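FYI, it's all coordinate maths here, none of it is from the lab. If you're wondering where the values come from, they're calculated on a predicted model, not measured in any experiment. Heads up, the Cβs are rebuilt from the backbone with ideal geometry, glycines too, and the neighbour counts pull from every protein chain shown.
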């Protein structure tokens, strides 16, 4: 693992564990067998100096999510904002996080 960004939840239910600080939580919609999903998670954790939490949601854990996303994962979101799909765009994520400050 590289950076300070760590998953706050990797359970299939996607239930978040609250933290004392107010870091933004990015949601990674993922699948257990998806190599691109695993690569995006590792790349997120390796962004130097970035401060955020990661919530990993397994779309196969919920039939509605499975229908909604199909094979279109990984998908990185913050709330309703889609940040990246399939591959991490580090500069886009950095710019987005800078706007939140």
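For the stretch 23-101, what does the alpha-carbon gyration tensor say about shape, rounded, prolate or oblate, given a ≥ b ≥ c as the root eigenvalues, a/c under 1.5 as rounded, and a/b over b/c as prolate?
Note, shape of the stretch 23-101 comes out prolate.
Hey, with R₀ at 35 Å, roughly what FRET efficiency would residue 60 and residue 98 work out to, going by the Cβ-Cβ distance, to 0.05?
Rounded to the nearest 0.05, the efficiency is 0.60.
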